[in-house]
1. Evaluate E = 1/(1 + (r/R0)^6) for Arg156 and Lys106, where r is the Cβ-Cβ distance and R0 equals 30 Å; express this FRET efficiency to the nearest 0.05.
2. If the reach is capped at under 15 angstrom between alpha carbons, list the aspartates and glutamates near Lys128, excluding any in the same chain fewer than eight residues apart.
3. Determine the gain in length on full extension of the stretch Asn88-Glu171; use 0.36 nm per residue of separation and subtract their C-alpha separation, reporting nm with one decimal.
4. Quick one: 3J(HN,Hα) in Hz for the stretch 39-55, Karplus 6.51/-1.76/1.60 with θ = phi - 60°, rounded, Gly and Pro as x.
5. Subtract the Cα-Cα distance of Ile184 and Glu47 from 0.36 nm times their separation in residues, and report this length gain in nm to one decimal.
6. Could you order Leu114, Leu63, Leu58 so the one with the most accessible surface comes first? Probe is 1.4 Å.
7. Go through Asp77, Asp179, Asp148, Asp90 and list them by solvent-accessible area, largest first, probe radius 1.4 Å.
8. Determine ³J(HN,Hα), in whole Hz, for all residues of the stretch 101-118 in sequence, where each value follows from phi through the Karplus function 6.51 cos²θ - 1.76 cosθ + 1.60 and θ = phi - 60°; x replaces Gly and Pro.
Amino acid sequence: MKKLIVAGLTIGLTIGLTACASTEKAAEAEVAVKALDSVDLGGLSNEEATTKLLEALLNKSYLASRAGPNGVAVNFDNSQFILQPSINPDGIDRIMMNRFYAIHPKYVGSKEMLLMIGTLNQKLNFAKFVIRDQGAVIQVQGAATFVDTITMEEIRRFILWIDEGLRQIGESLPEGSEDVIKPIPVMQNIQSI
């Protein structure tokens, strides 16, 4: 049964992910960028940028909280992510977005799970998939790049892009997969600053 479910996961991913395999250009609407609709993180430390990003998200009515010194936990469309600014004073800055999934204990460290992660990384380009914690956790990580300033609309679209890719993966998995891989909540008690 174990091999059947994991084989089904792998086959479902291989066949059903053609929609995620390439980046699709969304209809681009012109958005007037206002000073209040962007966040300038240039010249800040990662910790300072995290504080400023959290404030900007809260000002835009996102459900968000601090997640350690360099992370912001965000609830978006019933999904929870951690955003982590990575500020480079001499070049391109990034905001890393992470989502974590627990692997059922029966499948921890299995070759089938490694095959599935390898298939995802080979077929998809919207995020990187990594197995962590001795095979017990899948980390999904994407990155938005910018120089000094990023608009809140860019952040929203970035989160939406990763969330949609993960939704499509979930829809392509065979029935019963939700018992094998479950999202790990990153927000417990939300408190704003």
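1. Numbers: r = 38 Å, r/R0 = 1.25.
In this case the efficiency is close to 0.20.
2. Straight-distance partners of Lys128: Asp163, Glu164.
3. Working: separation 83, 0.36 × 83 = 29.88 nm, distance 3.69 nm.
Stretched fully, the Asn88-Glu171 segment lengthens by 26.2 nm.
4. 10, 9, 10, x, x, 9, 6, 4, 5, 5, 5, 5, 4, 5, 5, 4, 4
5. Details: separation 137, 0.36 × 137 = 49.32 nm, distance 2.37 nm.
Difference between extended and current length: 46.9 nm.
6. Values: Leu114 105, Leu63 85, Leu58 50 Å².
From most exposed to least exposed: Leu114, Leu63, Leu58.
7. Working: Asp77 115, Asp179 90, Asp148 70, Asp90 145 Å².
Output order, biggest surface exposure first: Asp90, Asp77, Asp179, Asp148.
8. Going residue by residue, I get 10, 7, 9, 3, x, 5, 10, 4, x, 6, 5, 4, 5, 4, 4, 4, 5, x Hz, with x marking Gly and Pro.
The values are calculated or read from the model by the stated rules, or taken from the named source; none is laboratory data. Bear in mind the structure is a predicted one, so any value in this text is a computation, not a measurement. Neighbour counts run over all protein chains shown; Cβ positions are idealised from the backbone, glycine included. Quick note on the areas: whole protein, heavy atoms, side chains included, nothing else; ligands and nucleic acids left out. Shrake-Rupley method; radii C 1.70, N 1.55, O 1.52, S 1.80 Å.
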